[in-house]
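The structure appears below as structure tokens.
What follows is calculated from the coordinates using simple rules that are stated; it is not laboratory data. Since we're looking at a predicted model, the values are computed, not measured. For neighbour counting, all protein chains shown are included, and Cβ atoms are generated from backbone atoms with ideal geometry for every residue, glycine included.
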């Protein structure tokens, strides 16, 4: 029994010795000088230097080998290779026990899949892992990534970048504090101070967490998302000249999804706020079809609040609201399901024109409303004016109604199918405006503002 134990012990020692021998680095060259430096044995190797350890091969002009430490300093035209991997630097180090190379003199890595450069870097050959720092740049045939630090897992085709991260694929740019990118699947996760820029449609999405699936054409931001799209417009002046104006679309919500397919759809989900010039909305769900220039807002279920839309002095509510755009200006607006529209007079702030119906269609020219059509059990209250002087009101109901506007003021009202109307003189109306309110009349106080949106933008930036 004792003999067997001794034999096993000797065998284990021999295996351990072979393993240790295989870990030792070998350095050869044209000439060699041995030295003792601070009691440590070193060898300086000059000319056509070759360092090897297993599959790792490093060539350089000069090497200083520290024998007891199993390490070497590499000087001049350093090139390290293993299989398809190549690392280049003017000056570096190799640590045999760790199977690691390191340089702080500028590093270039090429594994036939990506090219990675930085001011300094380390590569662990036994883990197929690189850690690069300072002015890091990783690029392949489709993507460029820059950061302050980056860990590259070669076999996983995965990169984790930290600090001032930017990834660019020719159409989209993603900025973040931290980013994880899977090269083969083109999946990217970004964290903290995230900014997604689409160069094709001049839009940006800010947030704190992003998931981007490039091959599917899908992006998700589910922490503090804010969508911004800046449009340049030209306003005609009286003298025939034009003035450049910037019209910014803001969309805020709890969750945002973007589908970069044929329909170019954008979803804002839960607690949605929209602001664009004099247009604003609050709703549960917004779908923006970019290519169709169409925005749809709606309730998410039968018991949730109706979407609210404001345009200048008008407020609209309904189960769903569809906005049709042309050249980024409102062309038509449809309100469906328990629709209600009210408009406040700018000179008489306690007077509201009101209409309730099943459906509303509004038509615009150069951003100004010129016609409104109401369908289905229409009830209306319109205040009358003689110039700027109040002149009573008219209450009416019909199956359908058409209202013509001039300079955002009611110019003509047409009632169709079983119309009925009643006029109330000014002396009967003055001071009693609250008596002339239709059912479901509510002035919403939560209209989004530019100050609110820009404060949020500054916070996210």
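Residues in segment 54-97 near a label at residue 126, defined as backbone nitrogen under 11 Å from the 7 Å Cα→Cβ point?
Counting only backbone N, you get 96-97.
Using 7 Å Cα-to-Cβ label points, what is the residue 156/residue 313 separation (nm, one decimal)?
It works out to 6.2 nm between the two label points.
What value does segment 225-441 have for Rg/Rh, both radii from Cα atoms and Rh as Kirkwood defines it? Don't skip to the answer; put the middle values down first.
On the way: Rg = 18.6 Å, Rh = 18.6 Å.
That ratio equals 1.00.
At 222 nm, what helix-only mean residue ellipticity would the chain give, in deg cm²/dmol to the nearest 500, using -39500 (n - 2.57) for each DSSP H run of four or more?
Numbers: 3 runs with 37 residues, N = 461.
So the calculated ellipticity at 222 nm is -2500 deg cm²/dmol.
Select one label from (i) 24.0, 80; (ii) 21.7, 69; (iii) 35.5, 122: the one whose number is Rg and Dmax of the Cα atoms in Å as derived from the coordinates shown.
After the calculation, the listed value that fits is (iii).
Pull out the extension gain between residue 148 and residue 209, defined as 0.36 nm times the separation in residues minus the alpha carbon to alpha carbon distance; nm, one decimal. Spell out each step's value before the answer.
Working: separation 61, 0.36 × 61 = 21.96 nm, distance 1.93 nm.
Full extension of this stretch gives 20.0 nm more.
Using 7 Å Cα-to-Cβ label points, what is the residue 271/residue 386 separation (nm, one decimal)?
Spacing of the two 7 Å Cα→Cβ label points: 5.2 nm.
Any idea what angle helix 2-23 forms with the longest principal axis of the chain, computed on alpha-carbon atoms, 0 to 90 degrees, nearest 10?
70 degrees
If neighbour count is taken as other Cβ atoms inside 10 Å, put 135, 331 in order from fewest to most.
The most exposed by this proxy come first: 135, 331.
Report the extension gain between residue 399 and residue 67 in nm, rounded to one decimal, defined as 0.36 nm multiplied by the number of residues separating them, less their alpha carbon distance.
On the way: separation 332, 0.36 × 332 = 119.52 nm, distance 9.81 nm.
Full extension of this stretch gives 109.7 nm more.
For the chain, find the longest principal axis of its Cα atoms and tell me its angle to the long axis of helix 450-460, 0 to 90°, nearest 10.
With both axes taken from Cα atoms, the answer is about 10 degrees.
Hey, what's the Cα Rg ratio for segment 24-105 versus the globular rule of thumb, 2.2 N^0.38 Å? Could you put the intermediate results ahead of the total?
On the way: Rg = 11.7 Å, N = 82, 2.2 N^0.38 = 11.7 Å.
Cα-based Rg divided by the globular estimate yields 1.00.
Using 0.36 nm per residue, how much length does the chain from residue 224 to residue 302 gain when fully extended, once their Cα-Cα distance is taken away? Don't skip to the answer; put the middle values down first.
Values: separation 78, 0.36 × 78 = 28.08 nm, distance 2.64 nm.
Full-extension gain reported as 25.4 nm.
Simple spin-label model, 7 Å along Cα-to-Cβ: residue 291 to residue 171 in nm?
If labels sit at residue 291 and residue 171, their model points lie 1.0 nm apart.
If I take R0 = 22 Å and measure r between the Cβ atoms of residue 112 and residue 77 in this structure, what FRET efficiency does the formula 1/(1 + (r/R0)^6) give, to the nearest 0.05?
Values: r = 21 Å, r/R0 = 0.95.
In this case the efficiency is close to 0.55.
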